[in-house]
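The values are calculated or read from the model by the stated rules, or taken from the named source; none is laboratory data. These numbers come from a predicted model, not from an experiment. As a convention, Cβ positions derive from the backbone with ideal geometry for all residues, glycine included, and neighbour counts pool all protein chains shown. Side chains are part of the model used for accessible areas, which takes the heavy atoms of the whole protein and leaves out ligands, DNA and RNA. Shrake-Rupley method; radii C 1.70, N 1.55, O 1.52, S 1.80 Å.
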Amino acid sequence: MKKYDHKAIERKWQARWKKTSLYKTPDKAKGPSAAKAKEGKKENFHLLVEFPYPSGNLHVGHWYAFAVPDILARTLRMQGKNVMYPIGFDAFGLPAENAAIKNKLNPRTWTEKNIAYMTKQIESMGTSFDWSRKVVTCDPAYYKWTQWLFLQLFKKGLVYRKETAVNWCPKDKTVLANEQVVNGKCERCDSEVVQRNMLQWNIKITDYADRLIDDLEPLDWPKEIKDSQRNWIGRSEGAEINFPLEFEKKNGPKPNYLILHGWYKDSAAGAFIPWLKKALEEKGFEVQAPNLPNPENPKEIKQVADVLNTCTIDEHTIIVGHSLGGAVALKVLEKINRPIAGLVLVAPAMNPSVQGAKKRPFWKHFNWDIDYERIKKLVRFSAVLCDLQEGAPRVPYLKTVAQKLGVALIEGNASEEHFFGKEEPMILMSLLPHITVFTTRADTLFGGTYLVLAPEHPWVALAIDDKHDVLTNKAEVKAYVEKAKKKTELERQTDDKEKTGVELKGVKAINPTTGAEMPLWVADFVIGSYGTGAVFADAHDERDYAFAKKYDIPLKETLEPVVVQGAGPDAFHTKEPAIDRSSILAIVKHWSEEKYLAVRFKPTDVRGGVSGGVDGAEDPIAAAKREIAEETGYEHARFIRKLGGPIHSKYYSQKYGNLFVHFTPLLFQLEDEARAEISPKEKEEHDISWLTKEEFDAFINREDMRIAWSRVHGEMCYAGKGMLFDSGEFNGLTSDEAIPKVGAKFGRVVKQYHLRDWIISRQRYWGVPIPMIHCPKCGVVAVPDKDLPVKLPEVKDYLPEGTGKSPLAKARKWLDIQCPVCGGKAERETDTLDTFVDSSWYFLRYTDPKNKKKFADAKKMANWMPVDLYSGGAEHTTMHLLYSRFWHKALFDLGLVKDAEPYLRRMNHGVILGPDGQKMSKSHGNVADPDKLVEQLGADTVRMYLAFIGPYNEVASYPWNPDGVVGIRRFLERVCRASEYVNPASVAALDPLLHKSIKKVGEDIAALKFNTAISQLMIFLNGVEKEKKLGKTQWEQFLRLLSPFAPHLTEELWRERRKTSIHVEQWPTFDPAKLVNESITIAIQINGKVRADVQVPADADKEAIEKAARATVAARLEGKEILRTIVVPGRLVNFVV
RNA sequence: GCCGGGGUGGCGAAAUUGGUAGACGCGUUCGACUUAAGAUCGAAUGUCCGAAAGGAUCUGUGGGUUCGAUUCCCACCCCCGGCACCA
């Protein structure tokens, strides 16, 4: 072929492939053959690309996302895999709705028109998508199953409603998505956006936080994506610690306690009850601890009746139930109608239906039908205490009880299993007023001198409400809290870097380690939604330190610095033991000027003041004076003061190995300039100079000296980890050793996450209606499966209603519905689902896109899941990938899918930027439209160029620059011309190059390095042009290598000789015997510099190579002695002279 | 601040158990063909010195290990992405 008419060729073959359904993935998928299954090889390959949003027009980025992975799809197919390469449209979302509002269009019409247009464009790329599997999320046949899956999660208890702040535009009277808020203002009307609380649907992704982190490990994903997900989830391990509160005002209403004992220790004289009673009474509380009737054979009705008859229960009562007493307490609550203060269940008895729970005789008489919702309304606060020593099934069971009561389970270790100890501090703590704090630094607990609460902290809300009167500065606190709540999160962060806060006067917290009183503060730098919304503050945190200094709150140091000196070979060798030493650090002031004595230890360039060892029982001050004299010669140093506590340094010394040195930092001033001669050895080792404060500051390069130096000028804060002192039994431990120990002793070990639950409510029209019904009688009821899908109703206009509800609230007829439970009047939910829900399972639908009975058939899913390779943009690294992983895990737990992870391998491709280097967007006006280029040069050229610009599997960004595209076009034209050289007989000289190319192109495609695969194809063609001839078999092998890149042109050239499509051909294999050339080039180096090269036979041995090399550079070697010769066969010879 | 990725010609880039740095392509220059332009073909092309032969030098900067470092180690600088008052 002489002329390359890309238009005709592409039109012809696209039509032909479509007509013959060339890329339809076999419906009845091949399972792995027995032999291949044994090797762990699958014949099916699910190659997934992120499906596009139908914005209306394809840009270069789409080509990059779809046409480049197509190369891999085609290659794998030729290599015998059954490849599914599906496509669809993520068709719900905001742009359609905005277009609808703007142009008074139906969003469905707008979307469908775009889909039709974009489908044509995608087809023009020559991709091998299987269109018969197309999935469109706004199709009721699809979203029926989105709704159904959502309901499965709801039924599993993963869905709940919660008051959540949303962006509210007061002028448009509508909820705004984050992307509609620009600099805190409404995108449309420019008015100030405010935060407003609304009931929103949430999904408990946080329940899966641990698994979402832990299951990342084995996945074949790039490290940066895994790290980014871990970072986003933000797990930190720490401890929750309770700080009891004490009040100045003693006149408020007091709780009273009713303690119900368990069964085994059959009375109120058993277990912890006498101790607890005494402890509470000592604090002035009234306590009732009745003996329940028939303890040896307890009966529910009798025990409950006894409690109701003999005990006083009022609104101040807190009922404490231990073991069976916990179950009794629940039944007591069923019988009373007035609210009580609290309910504390201590390891309550288990429902016998729980798997693994043993049947007890009294359960015959016990009715386990407990109305937790009613109890929740009756009780102001509740708590469930769990002893972790008990393990399963009690611990998971108590978790569900706590969940039903709407509280977090309090886990810890009782002093005896099941709280049978005589003294159980965990229980007492839960009964007294207290603040719970989360910390990752329990090691500083002994030094905690104040607490800081977030303005949103529930205890703060109680303390400033009308019913309570515990604060002596209530008005001041109230004003601060209200001001803080008005600020948005953004303002809080950016407003003023200076932290503000107000003390809560009239109340003190007690440090559980020391019993010391700690003031309470409220400050808006503490985040209400993280941890417990409260922190304890100490001297070893920069923020706490600064805040305490600002408000003059006392601090207490409990950490001595521990520093590891140096790096590299001089660093502390962590695996080897260390020798302990005592030493001094001395900072020496000039006798008359504001200057300091700077000493540099020359051999290692350590720079600071004077330092040296303390000999035996020597006094540190005397030792320091001795060292000053020895190192510097100055004779009259006067001791000024100690510079804080000791500083511990770990470092490595050539002489002694690992050292752990405990330095005493000291400040001296010279009395005069008297200076003796110093020893020659010292002179050689030390440089001495006088530096000003600023110079000295820049001079110091050892960390311990820097800490000592900082104390000369009074900065006391040591932020970081260190060694504990003034911390009771934990003295002398390092922070890392102490953190778990202190946490376990004074609190309980817990994990916290930055990840928040997934808010899936959208007050939007163009989305999947949330299939829920609100019944005034029955509450929130799920739409029955038989009524799915809940179709989107038609509405007149798509503007939100103005009440904060979605436009669906305008569809009156649609809104009214019978309650599926009671048949009474009810209303539909008007929120729609976040579109991330749609995209959390679309790849499952690809496996069985037309199924009317199920979201997908299990067997068909098994053929294709998990996804073998998922290619997409870096922008989906956290949100989409995390949400869909979570969704898949939830379905896995429900038994609906067979894998816990949806994607075996993930790669992020780079971004094609606009020609100006900016991100492509309509507002920038820099959207590169490839249509013209395709028109001029052809689809094959454009897709191949995109594959050529750089490695595909690296997150890089390329400004769209079509300058180089002509190179690819020239290459394809040369391929056309090369077809003229084809002879029947093979050209032997081309064989090594051809086989090398087969090898490299295959390897590079597998590694997603399409750019170097193409360069190898070019190298081969260059070789062909040099020979000006080519064998028919060689030509066809080359065409097959090229066919994934240029499917149209290669098909055309192939069909010059063949009847069937090149795209059903086998991938060529290389012959290792043909890889080697007869002779190879060896580089000759002298002292590592290349001086010449020499041709040697490929099979030459070391001696032969060396001989040849020596002969080649004989002239250069003349008169020089060769000290050493290094021969690297196949590469080089290096003569060292 | 924390986490991650990166820094190589005029440009996109290549090179990994440490072994000829700059493959392949774009661009540029010269030549052939042409009345001419374009297309095509051939040659050259990191930088500096040199007419040339040749020499020096070069993978962000500085240091180290090595016969030999883009590659390994240490320190630092810069760019990009993510998270960020997270206790």
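Students often get this wrong, so check it: of A:Lys467/A:Lys745; A:Lys1032/A:Lys1059; A:Lys250/A:Lys478; A:Lys250/A:Lys505; A:Lys249/A:Lys486; A:Lys102/A:Lys173, which have C-alpha atoms separated by over 25 Å? Over 25 Å apart, Cα to Cα: A:Lys467/A:Lys745; A:Lys249/A:Lys486.
Each peptide in A:1117-1124, A:19-26 receives the mean, over its residues, of other Cβ atoms within 10 Å, and ordering these scores from highest gives A:19-26, A:1117-1124. In the structure shown, the pairs A:Lys358/A:Lys399; A:Lys721/A:Lys741; A:Lys550/A:Lys589; A:Lys204/A:Lys226; A:Lys404/A:Lys791; A:Lys254/A:Lys474 are assessed against 23 Å; a Cα-Cα span above that value is assigned to A:Lys550/A:Lys589; A:Lys404/A:Lys791.
Please state the shape class of region A:55-214: rounded when a/c is under 1.5, otherwise prolate if a/b exceeds b/c and oblate if not, all from the C-alpha gyration tensor.
On the way: a/c = 2.19, a/b = 1.42, b/c = 1.54.
Note, shape of region A:55-214 comes out oblate.
When +1 charges are put on Lys and Arg Cβ atoms and -1 charges on Asp and Glu Cβ atoms, the dipole computed for region A:66-106 relative to its Cα centre reaches about 120 debye. Full extension of the segment from A:Lys556 to A:Ala989, taken as 0.36 nm per residue of separation minus the current Cα-Cα distance, would add 147.6 nm.
Ranked from largest, the principal axis spans of the Cα set of region A:996-1089 equal 59, 31, 23 Å. Taking every DSSP helix (H) stretch of at least 4 residues in chain A, weighting each as -39,500 (n - 2.57) and dividing the sum by the residue count yields a mean residue ellipticity at 222 nm of -9500 deg cm²/dmol.
Could you give the length gained on full extension between A:Asp963 and A:Arg1057, defined as 0.36 nm per residue of separation minus the Cα-Cα distance, in nm?
The span from A:Asp963 to A:Arg1057 would gain 30.4 nm if fully extended.
Where the centre of each part is set by its Cα atoms, how far does region A:305-362 sit from region A:441-476, in angstrom? After rounding, the separation between the Cα centres reads 31 Å. Descending by average beta-carbon neighbour count within 10 Å, the peptides A:152-158, A:537-543 line up as A:537-543, A:152-158, the highest first.
Compute the FRET efficiency between A:Lys898 and A:Leu388 as 1/(1 + (r/R0)^6), taking r as their Cβ-Cβ distance and R0 = 41 Å, and round to the nearest 0.05. After rounding, the FRET efficiency stands at 0.80.
Evaluate E = 1/(1 + (r/R0)^6) for A:Phe381 and A:Lys499, where r is the Cβ-Cβ distance and R0 equals 30 Å; express this FRET efficiency to the nearest 0.05. Provide the component values of the computation, followed by the final result.
Numbers: r = 30 Å, r/R0 = 1.02.
Between A:Phe381 and A:Lys499 the formula returns 0.50.
Note that region A:284-419 carries a Kirkwood radius of 15.3 Å, evaluated over its alpha carbons pair by pair.
As a calculated quantity, the FRET efficiency between A:Ile1122 and A:Lys1028 at R0 = 41 Å, using C-beta atoms, amounts to about 0.35.
Here the relative contact order of region A:150-263, from alpha carbon pairs under 8 Å that lie six or more residues apart, stands at 21 percent. Using a cut-off of under 16 Å, list every residue of region A:617-632 whose amide N is near the label point 7 Å from the Cα of A:Ala676 along the Cα-to-beta-carbon line. The answer is A:622-632, whose backbone nitrogens lie closer than 16 Å to the label point.
Surface composition of chain A: carbon and sulfur make up 51 percent of the accessible area, probe 1.4 Å.
Using a simple spin-label model with pseudo-atoms 7 Å out from Cα toward Cβ, A:Gln79 and A:Lys120 lie 3.7 nm apart. Look at where the Cα atoms of region A:661-682 and of region A:1017-1054 average out, and the two centres are 81 Å apart. Bridging of A:Lys681 to aspartates and glutamates at a Cα separation below 15 Å is possible for A:Glu627, A:Glu630, A:Glu631, once same-chain residues fewer than 8 apart are set aside.
Rg/Rh for region A:507-639 to two decimals, with Rh computed the Kirkwood way over all alpha-carbon pairs. The partial results should precede the final answer.
Numbers: Rg = 21.8 Å, Rh = 19.7 Å.
With Rg and the Kirkwood Rh in hand, the quotient comes to 1.11.
A dipole drawn for region A:1012-1137 from +1 and -1 charges on Cβ atoms has a positive end, and of A:Val1113, A:Val1024, A:Ser1043 the residue lying farthest that way is A:Val1113. Can you grab the distance from the C-alpha centre of region A:1111-1128 to the C-alpha centre of region A:89-111, Å, no decimals? Using only Cα atoms to place each centre, the spacing works out to 77 Å. At 1.4 Å probe radius, can you tell me the per residue accessible area of chain A in Å²? That works out to 46 Å² per residue.
Overall, region A:69-146 carries a charge dipole of about 80 debye about its Cα centre when +1 sits on the Cβ of Lys and Arg and -1 on the Cβ of Asp and Glu, all other atoms neutral.
Annotation for A:Asn351 and A:Lys278: the two label points, set 7 Å from Cα along the Cα-Cβ direction, are 3.9 nm apart. Here's the picture: a label point sits 7 Å out from the Cα of A:Glu794 along the beta-carbon direction, and within region A:126-149 the residues with their amide nitrogen under 20 Å of it are A:138-141. Maximal additional length on extending the A:Asp369-A:Asp615 stretch stands at 80.9 nm, based on 0.36 nm per residue less the C-alpha distance.
Ranking A:Ile621, A:Ala782, A:Leu1053 by how far each Cα lies toward the positive end of the dipole of chain A (charges on Cβ) leaves A:Leu1053 at the top. Annotation: lysines with alpha-carbon distance below 24 angstrom to A:Lys1026 (same-chain offsets under eight excluded): A:Lys2, A:Lys3, A:Lys996, A:Lys999, A:Lys1000, A:Lys1074.
Using only alpha-carbon positions in chain A, the gyration tensor eigenvalues give semi-axes of 62, 52, 28 Å once each is multiplied by 5 and square-rooted (largest first).
Within region A:1114-1137, list the residues whose amide N lies under 18 Å from a label point set 7 Å along Cα→Cβ of A:Ile1019. In region A:1114-1137, the label zone of A:Ile1019 (backbone N under 18 Å from the point 7 Å along Cα→Cβ) covers A:1130-1132. Sorted on the mean count of surrounding Cβ atoms within 10 Å across their residues, most packed first, peptides A:320-328, A:915-923, A:412-420 read A:320-328, A:412-420, A:915-923. Remark: spin-label model distance A:Arg581-A:Lys487 equals 4.9 nm, labels positioned 7 Å along the Cα→Cβ axis.
Dividing the mean sequence gap of close Cα pairs (under 8 Å, 6+ apart) by how many residues region A:985-1064 holds gives a relative contact order of 28 percent. For chain A, the dipole from Cβ point charges (+1 on Lys and Arg, -1 on Asp and Glu) about the Cα centre works out to 6020 debye, to the nearest 20.
Given contacts defined as C-alpha pairs under 8 Å and at least six residues apart, what's the relative contact order of chain A, whole-number percent? It would help to have the intermediate numbers written out before the result.
Numbers: 2141 pairs, mean separation 147.7, N = 1137.
Once divided by the residue count of chain A, the mean separation gives 13 percent.
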